[in-house]
2 protein chains.
Amino acid sequence: MSLLVVGSVAIDSVETPFGKREAVLGGSATYFSISASFFTNVKLVAVIGRDFPKKYILQLEARGISLDGLEVSKGKTFRWKGKYEHDLNKANTIYTKLNVFKDFSPKIPYAYKKTPYLFLANIDPELQLNVLKNVDSPRLVACDSMNFWIANKLNALKKLLKNVDVFIINDSEARLLSRESNLLKASRYIFSLGPKRLIIKRGDSGAIFIKNDGSFFNSPAYLMENIKDPTGAGDSFAGGFIGYLSKTNELSDKAMKQAVIYGTIMASFCVQDFGPGRLIGLRPSDIEKRVRDYKDCICF
Amino acid sequence: MSLLVVGSVAIDSVETPFGKREAVLGGSATYFSISASFFTNVKLVAVIGRDFPKKYILQLEARGISLDGLEVSKGKTFRWKGKYEHDLNKANTIYTKLNVFKDFSPKIPYAYKKTPYLFLANIDPELQLNVLKNVDSPRLVACDSMNFWIANKLNALKKLLKNVDVFIINDSEARLLSRESNLLKASRYIFSLGPKRLIIKRGDSGAIFIKNDGSFFNSPAYLMENIKDPTGAGDSFAGGFIGYLSKTNELSDKAMKQAVIYGTIMASFCVQDFGPGRLIGLRPSDIEKRVRDYKDCICF
């Protein structure tokens, strides 16, 4: 099967306790696409400016990602600069320059409209709703959001969630949206808004997959020494998760569990280098090996 | 096999967002003993004052815990009062009244000296060292500690760790002791001090068991809605862990993994009520059922 993602492509500058990098490839749709490209055909809808480096286009193409929906607009690419202290779960934004992303209005190429798997990365929920209107009933719709939209565009977000199968958010966002500190209680509120499945990302504590019957699956993060930059971990998780579902084209509980594991593993690769450096260099055998190692560290 | 624990027995007053309780049974050795009593014969060495309620003695006896080492001293029992806000991982101490615990000098009854499993709960490392001198080469020695001793009695703690098989501490304590934020790097430093196994407790993120060859086993906390009071969760974990090892008298990697699971499950029961209320009312079948449920939520 194939997978459509709509979100941001950016140029990031990042500092962590383990180094700093200027102008690396960034953006939610970027991390998602690269991660998912190890499992399925990915079609990317996003906007970049005319300053966007050719080498990054080549990197995305080398991963087989379809870029027919990557609009090049007059102006500069979305830029983000952030810094992490020793708590890598918390990014401190130094600046966000939306640039061409400010007027982003996703255009879905005709050939993309029947894509069976859809991921709406973290953008304005009104734009996410617009995308939904412009695709032909995908088999699975998943989306991300963030505290800014929960605080400022709650009605649009709620309208969106009525039409979403899997909602993927951070623990703090789940708490903000539901006003519940317990994550299972939070999930019950979120299910009342529409989604049938919820993934709560918990940074270096991993992710929890919850079904609307209250059952859940807990996937702790893969423990590692060599962590360099957590940027993009959540989108890499989503890319592994939905990428795997799109590959198998199976939506059973068992397939979802397995997909969560691939999400966790792709996030673990993401954080091992700045930008998507480690993800881009992966071989499929690296992924399978780490899934086996992970199983040994978790199952009993 | 049987198991000796040396630590505190206390009377706690606790407030959480889910209620408050005055003068409940508390203390590290209490939670540990009750938890371990579901697996093995437990011998408790601690001190209480003459004000200690008879009903709590009866509760410990009803769990089959041997109290020959429970010294009754002139004065009042150790009392702690704490409050938790919505982040249940962080206790705010309102007061600590050491009372008879201030002059506690553990006396090991002669009949206890050959106990094969030993847990040194969180007390002054000099006292923990004294206990070690007064037992006959136990098969397994495990201990806990805390930030106060790391900051104030580091030499005694390091001396102790040379003679300990399994060190069980919180993530923040592991970081404080090692000056490393990454937990695997922290573990390498701690192994250089002597222990061959390390358990890092991470509150509602669960626990990690690490071997001195760098291999590890990750046990996320069992996700629940009805959490009331996190007091004693870490000691209940340790009780389940060492209790299980003492029961099986096996120290293989496989047994240790299984023991970690029992630790996680006992901690999950602990937090479901104030004080050890839920632990005391457990049936062995409740424990086995939850181990099975947990497996479904973790393994893939």
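Please treat every number below as a calculation from the coordinates, not as lab data. Predicted model only: the values in this text are computed from it and were never measured. Cβ sites come from the backbone with ideal geometry, for glycine too, and all protein chains shown count toward neighbours.
Mean-square fluctuations from a GNM of chain B, with a 10 angstrom spring cutoff on Cα atoms, peak among B:11, B:57, B:34 at B:57. Annotation for the range A:60-157: GluC sites (Glu not before Pro) lying in DSSP loop with at most 16 further Cβ atoms inside 10 Å of their Cβ are A:85. Along the positive direction of the dipole of chain B (beta-carbon charges: Lys, Arg +1; Asp, Glu -1; about the Cα centre), which of B:238, B:1, B:17 reaches farthest? With unit charges placed on the Cβ atoms, the residue in question is B:1.
Percent of C-alpha pairs per 10 Å bin in the range B:194-300, short distances first: 15, 50, 29, 6. The simple Förster model, with R0 at 22 Å and r as the Cβ-Cβ distance, assigns residue B:102 and residue B:151 a FRET efficiency of 0.70.
Taking Cα centre as origin and charging only the Cβ of basic (Lys, Arg, +1) and acidic (Asp, Glu, -1) residues, the dipole magnitude of the protein assembly as shown rounds to 80 debye. For the range B:1-34 versus the range A:254-275, the spacing of their alpha-carbon centroids is 39 Å.
Tell me whether the range B:8-298 comes out rounded, prolate or oblate; compute the Cα gyration tensor, take square roots of the eigenvalues as a ≥ b ≥ c, and use a/c under 1.5 as the rounded threshold. Because its axes are fairly even, with a/c under 1.5, the range B:8-298 counts as rounded. Inter-copy label distances at residue B:154, using a point 7 Å along Cα-to-Cβ, come to 4.9 nm with the shortest given first.
Taking square-rooted eigenvalues a ≥ b ≥ c of the alpha carbon gyration tensor, is the range B:1-116 rounded, prolate or oblate, where a/c under 1.5 means rounded and, failing that, a/b exceeding b/c means prolate? Prolate, because a/c is 1.5 or more and a/b exceeds b/c. For residue A:92 and residue B:22, FRET efficiency with R0 = 41 Å and r from the beta-carbon atoms, rounded to 0.05? That pair, residue B:22 with residue A:92, gives E of 0.45. In sequence order, the range B:227-238 has phi-based couplings of 9, 10, 7, x, 4, x, 4, x, 6, 5, 4, 4 Hz under the Karplus curve 6.51 cos²θ - 1.76 cosθ + 1.60, θ = phi - 60°, and Gly or Pro positions carry x.
So for the protein assembly as shown, what are the equivalent ellipsoid semi-axes in whole Å, largest first, each being the square root of 5 times an eigenvalue of the Cα gyration tensor?
50, 23, 21
In the assembly of identical copies, residue B:291 has its label point, taken 7 Å from Cα in the direction of the beta carbon, separated from the corresponding points by 2.9 nm (ascending, one decimal). For the residue pairs B:81/B:102; B:74/B:114; B:133/B:185; B:83/B:228; A:20/A:97, the C-alpha atoms sit more than 22 angstrom apart in B:74/B:114; B:133/B:185. Between B:41, B:122, B:163, the Gaussian network model of chain B with springs among Cα atoms under 10 angstrom shows the greatest mean-square fluctuation at B:163.
Peptide A:205-218 is shielded by partner chain Cβ atoms: per residue, an average of 3 of them sit within 10 Å of its Cβ.
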